[in-house]
Amino acid sequence: MYEGDGRFPRVGGDRDISEYATVRMNTDAVPLQARFDYWIEACRTMFGSFEFVDLERKNFRAALNTLTVDNLTIAHYVGSPHAMVRTRSHIRSSDNDFYLVILASERTFNLDHGQYHRSSTGGISLLDNTQPFLGAHPEGLDIINVFIPRAVLELAMGPARCLTGLSIDATQTSFPIIVSYLSALIKHGATLDPACQARVAAIAVQLIAAGFAEKVESDAPRSLGGAAILSRARAFIIDHIGVEGLSINDVAAALNISVRRLQEVASAENIALMDWMWERRLQLAHAKLADPVNGVVPVGLIAYQCGFASQAHFSRRFKERFGQTPTEYKVASGLTRAARAAAAAGMA
């Protein structure tokens, strides 16, 4: 089915996440003559400046329900048919800097963005809010958006501007996995403690990145070229992140291309693959050290799991990146968790 067997919360057959939302907005309570302006202001808070076209102001109605899970904001937009246009003249440096993962419904969703165009139902599309786009909902608005900070998504999949406008469709293996996970995140994410929220949000981003990587690889023979090579390179690095001594020669050999070709493609996108690999390893180690599940795991073992040849090398790079040694950070994270638990017990 169009959205992974319809696992999202529904009311009367329609998707509805209002039960789990922390912010709810609806034009029904707004005077008819003010509804359109009310909705524009609500959308501009998230997107910045844009234009609405192809709509009837007279009977316009819309609703927005949002919730937050760690650094992800999930928003469900429903309403009358219309289109949103965001041109270069609308974009400001002060706008929210995020990628937007759009989960369409059974209603047709048209998107012109980057080098891609879609006009179909269902699917998951990637949008960059700092780039021009046209999004149209001729049969009515019904989309669930996941707002992901740029740095967070690019940590998982590298710079993704060349992929904006790309869509994952329901035939992909990753599609029902992503949809099911996001549905569960909507239902249960806000009930988790902050540490758990951070972990489940990170998993959601990794699943989304994997879905787009799968799409890039399947489309590679047709049009993506360098983007496909980079996506495969990053996927290989992630899959082998714990392999000590992993080099650019290993990555190129796995992709069956020359080192020179791989470096040319990466250079064209201003990406240093090995630097990206080390950042991934450090971020993985950072998360593992903060995770209470690893409370009794030695720092040296975590270093090894993340691909570092020695604990000394790991400690040096970790301190350069985060300003603390791994041991100092692990102890500080434990003290922070203990303080939060004590505070929660005091409020109970």
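The values are calculated or read from the model by the stated rules, or taken from the named source; none is laboratory data. Quantities reported herein were computed from a predicted structural model and do not represent experimental measurements. Every residue, glycine among them, receives a Cβ derived from its backbone with ideal geometry; neighbour counts consider all protein chains shown.
Which fully enclosed helices (runs of 4 or more DSSP H) of segment 238-348 have 1 or more residues being more than 23 Å from A151 (Cβ to Cβ) and modelled with pLDDT under 85?
Values: elements: 248-255, 259-268, 273-290, 299-305, 311-322, 326-347.
The helices (runs of 4 or more DSSP H) meeting that bar are 248-255, 326-347.
Check off (1) touching a Leu at 6+ places or on another chain (Cβ under 9 Å); (2) polar (S, T, N, Q); (3) within 19 Å of S231 (Cβ to Cβ) for N129 and give me the number that stays unchecked.
(3)
Checking L100 against (1) part of a loop (DSSP other than H, G, I, E, B); (2) surrounded by 16 or more Cβ atoms within 10 Å (Cβ to Cβ), which single condition isn't satisfied?
Condition (1) is where L100 drops out.
Search segment 238-262 for residues that are closer than 25 Å to A285 by Cα and pair each with any residue that is in a helix (DSSP H, G or I) and charged (D, E, K, R) when their beta-carbon atoms are under 7 Å apart and the residues are at least 6 apart or on different chains.
Going by the 7 Å Cβ cut-off, the qualifying pairs are I238/R280; I241/R280; I241/R281.
Contact list please: Cβ distance under 7 Å, first residue in segment 149-163 and closer than 13 Å to G226 by Cα and in contact (Cβ under 8 Å) with a residue 24 or more places away in the chain, second residue aromatic (F, W, Y) and crowded, with 23+ Cβ neighbours inside 10 Å, pairs at least six apart or on different chains.
Once the first residue is closer than 13 Å to G226 by Cα and in contact (Cβ under 8 Å) with a residue 24 or more places away in the chain and sits in segment 149-163, its partners that are aromatic (F, W, Y) and crowded, with 23+ Cβ neighbours inside 10 Å give A160/Y99; L163/F212.
I need the full set of residues from segment 40-61 which are surrounded by 15 or more Cβ atoms within 10 Å (Cβ to Cβ) and over 25 Å from the mean Cα position of the chain (by Cα), in order please.
The answer is F52, L55, F60, R61.
Of everything in segment 19-49, what is in contact (Cβ under 8 Å) with a residue 40 or more places away in the chain and over 19 Å from D142 (Cβ atoms)? Give them in sequence order.
Listed by number, the residues that qualify are T22, G48, S49.
Select, from A62, A104, the only residue that is touching a Gly at 6+ places or on another chain (Cβ under 6 Å) and under 19 Å from R7 (Cα atoms). Break it down into steps so the answer makes sense when it comes.
Working: A62 fails: under 19 Å from R7 (Cα atoms).
Matching residue, one of A62, A104: A104.
From V85, V30, V78, grab the single residue that is among the β-branched types (V, I, T), over 28 Å from V179 (Cα atoms), surrounded by 15 or more Cβ atoms within 10 Å (Cβ to Cβ) and in the same structural domain as R199 (by TED's automatic domain parsing).
Working: V85 fails: over 28 Å from V179 (Cα atoms); V78 fails: over 28 Å from V179 (Cα atoms).
Criteria check complete, one pass: V30.
May I ask you to say which residue of F175, F147, F212 is of a type in the set (F, W, Y), within 16 Å of T68 (Cβ to Cβ) and within 18 Å of the chain's Cα centre (by Cα)? Break it down into steps so the answer makes sense when it comes.
Numbers: F175 fails: within 16 Å of T68 (Cβ to Cβ); F212 fails: within 16 Å of T68 (Cβ to Cβ).
Being of a type in the set (F, W, Y), within 16 Å of T68 (Cβ to Cβ) and within 18 Å of the chain's Cα centre (by Cα) holds for just one of F175, F147, F212, which is F147.
Given the criteria surrounded by fewer than 15 Cβ atoms within 10 Å (Cβ to Cβ) and within 26 Å of A151 (Cβ to Cβ), does V23 qualify?
Values: surrounded by fewer than 15 Cβ atoms within 10 Å (Cβ to Cβ): yes; within 26 Å of A151 (Cβ to Cβ): yes.
Yes: the conditions hold for V23.
Counting only residues that are among the hydroxyl-bearing types (S, T, Y), give me the strands (runs of 3 or more DSSP E) lying completely in segment 119-172 with at least 1 of them. Spell out the reasoning first.
Values: elements: 124-128, 133-137, 141-149.
Of the strands (runs of 3 or more DSSP E) lying wholly inside segment 119-172, those with at least 1 residues that are among the hydroxyl-bearing types (S, T, Y) span 124-128.
Which members of segment 295-307 meet the condition of being crowded, with 17+ Cβ neighbours inside 10 Å and either within 27 Å of the chain's Cα centre (by Cα) or not assigned by TED's automatic domain parsing to the domain that holds D239 (or both)?
Let us first name the residues in segment 295-307 that are crowded, with 17+ Cβ neighbours inside 10 Å, namely 299, 302-303, 306-307.
Correct list: I302, A303, C306, G307.
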